[in-house]
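The values are calculated or read from the model by the stated rules, or taken from the named source; none is laboratory data. Predicted model, so just to flag it, every value in this text is computed and none were measured. Methodologically, a virtual Cβ is constructed for each residue, glycine included, from the backbone with ideal geometry; neighbour enumeration extends over all protein chains shown.
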Amino acid sequence: MACGVDFGTSNSTVGWVRPGQPTLLALEDGKTTLPSMLFFNAEEESVSYGRAALTEYMDGYEGRLMRSLKSILGTGLMSAQTEVAGQSLSFQTILSTFINELKARAETSAGIGFDAAVLGRPVHFVDDDPKADQLAQDTLAGIARDAGFRHIEFQFEPIAAAFDYEQTLDRETLTLIVDIGGGTSDFSLLRLSPERAKAAERHADILAWGGVHIGGTDFDRALSLSALMPLLGYKTLLKSGAEMPSSYYFNLATWHTINFVYTRRVMSDLQDLFRDAQEREKLDRLFKLIARRAGHWLATQAEAAKIALSDTSEHLLVLERIEEGLTHTLQRSVFENAIGGLIGRIETAVTDVLRNAGVTADQVDTVYFTGGASGVPLLRSQIGACLPNARHVEGDRFGSIGTGLAIDAARRFA
Ligand SMILES: Nc1ncnc2c1ncn2[C@@H]1O[C@H](COP(=O)(O)OP(=O)(O)OP(=O)(O)O)[C@@H](O)[C@H]1O
Ligand SMILES: [Mg+2]
């Protein structure tokens, strides 16, 4: 019994190919995505997952919200202990807790147990460090094995997406898959066709792949640093003329380091800095945010603004939790400026993939966009502009990887 598992930085899915039935399994309230989040509720001494985790955190329960755990794979943090609702746990244990839950929900939904899986992986878990990258994959494999998968294979996420898209084709195409997720941007260039789809061995059809460690959470971070953190004193001056140290703001703007700011040490350093600050009212907001443990709330506001700005040109932020009556209007142009450099790096990665394949940009006839962050219009238009003859196809932004992994699992474990 083999499934495909897309453990994402932001959302996870599990697919299982069955004739006449949808491939993706329902994981939370009938929905096929389980947001990759846990909330350790200190008041109820319970753990919740997905949307329910975010709701409990937003409702103000005491406890700890964990997100973006995939970003920690392959880093030294993985084995570090962290304080979670009164107990000390390793990130590895926390990640295991999530993967166990994901598997259990998929099995409940399917009505069977899975003992084999194709797990998705980004082209690079870690950029420019093959050893750390291998460690990331090995760690994930170990966690999956402990969760009860006896046979485990890995597939690049952008190749899985291609298998999903291929099901819809009636002729051959040369397609560039562009998967912009929460943590990484991944690409693959493949020859796809209904005929080729029947072959078990696809090596010859995969011309190149590539990726870069930039995704929607980096867009959140860039937006937060350019538009929100300045409201809390980022880039303001001390009486000495020096700038406020940036590390607190960097940590607060990054999903998986928000909790680093909630220590006594940071609080006492900030109190020292306050005496020396030129714009104390901004630091007052920062104190309030820390006292209320509202870092994830603020990051959620940045993410919501980013998503809204995919459809509108401005978005009103209501920032009551850091100052009564505080609002801030964000323009799409501010967001686009903030992520300009990141998009440039994504474009370079696309160009590299074409070069590695020995294919010129005008030969690509289709570009297939998937991943939540491919919703950013500037990103689609900039990548589209690199591929003059390609028609644009928008896939199931949150489902195509999990579906493709399930197709791959059905073939490999047949
Ligand atoms: N309409 C939208 N416009 C822009 N960004 C969006 C939109 N909808 C979702 N996102 C962003 O997409 C990201 C999540 O996408 P997705 O679920 O594809 O990632 P993932 O698969 O979990 O991550 P990865 O594949 O990198 O591990 C989040 O950063 C989210 O804020
Ligand atoms: Mg993904």
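Considering only residues that are over 20 Å from the mean Cα position of the chain (by Cα) and more than 14 Å from I206 (Cβ to Cβ), which ones fall in segment 145-163? I'd like the intermediate steps shown before the answer.
Taking segment 145-163 as the starting set, the residues that turn out to be over 20 Å from the mean Cα position of the chain (by Cα) are 145-153, 163.
R145, D146, A147, G148, F149, R150, H151, I152, E153 - these are the residues of segment 145-163 that are over 20 Å from the mean Cα position of the chain (by Cα) and more than 14 Å from I206 (Cβ to Cβ).
Residues in segment 1-23 include none that are in contact with a Leu (Cβ under 9 Å, 6 or more places away or on another chain), closer than 22 Å to T217 by Cβ, more than 16 Å from ligand 1 (Cβ to nearest atom) and not acidic (D, E). Would you mind finding the one in T175, T168 that is hydroxyl-bearing (S, T, Y), in contact (Cβ under 8 Å) with a residue 40 or more places away in the chain and away from ligand 2 (no atom under 16 Å from the Cβ)? The conditions single out T175.
Would you please name the residue that is farthest from ligand 1 (Cβ to nearest atom), looking only at residues in segment 368-397 that are closer than 30 Å to I152 by Cβ and surrounded by fewer than 21 Cβ atoms within 10 Å (Cβ to Cβ)?
First, the residues of segment 368-397 that are closer than 30 Å to I152 by Cβ: 368-374, 395-397.
Subset that is surrounded by fewer than 21 Cβ atoms within 10 Å (Cβ to Cβ): 396-397.
Numbers: D396: 10, R397: 6 Å.
Selected residue: D396.
Within segment 387-411, residues that are within 22 Å of E172 (Cβ to Cβ) sit with their Cβ atoms under 6 Å from residues that are among the charged types (D, E, K, R) and not in a loop (DSSP other than H, G, I, E, B), at 6+ positions apart or across chains, in these pairs: P388/D362; N389/D362; S400/D164; T403/D164; G404/D164. Selection of segment 24-49 for residues being away from ligand 2 (no atom under 16 Å from the Cβ) and either in contact (Cβ under 8 Å) with a residue 40 or more places away in the chain or buried (at least 21 other Cβ atoms within 10 Å of the Cβ) (or both) yields L25, A26, E28, L38, F39, F40, N41, A42, E45, V47, S48, Y49. Exactly one residue among G4, G15, G8 is at pLDDT 95 or above and out of contact with any helix residue (DSSP H, G or I) (no Cβ under 6 Å at 6 or more places or on another chain), and that residue is G8.
Need the failing condition index for Y57 against (1) crowded, with 23+ Cβ neighbours inside 10 Å; (2) within 23 Å of A141 (Cβ to Cβ); (3) of a type in the set (S, T, Y), just the number. All conditions pass for Y57, except number (2). Remark: A117 falls outside the filter, which requires a residue to be of a type outside the set (F, W, Y), part of a helix (DSSP H, G or I) and more than 16 Å from the chain's Cα centre (by Cα).
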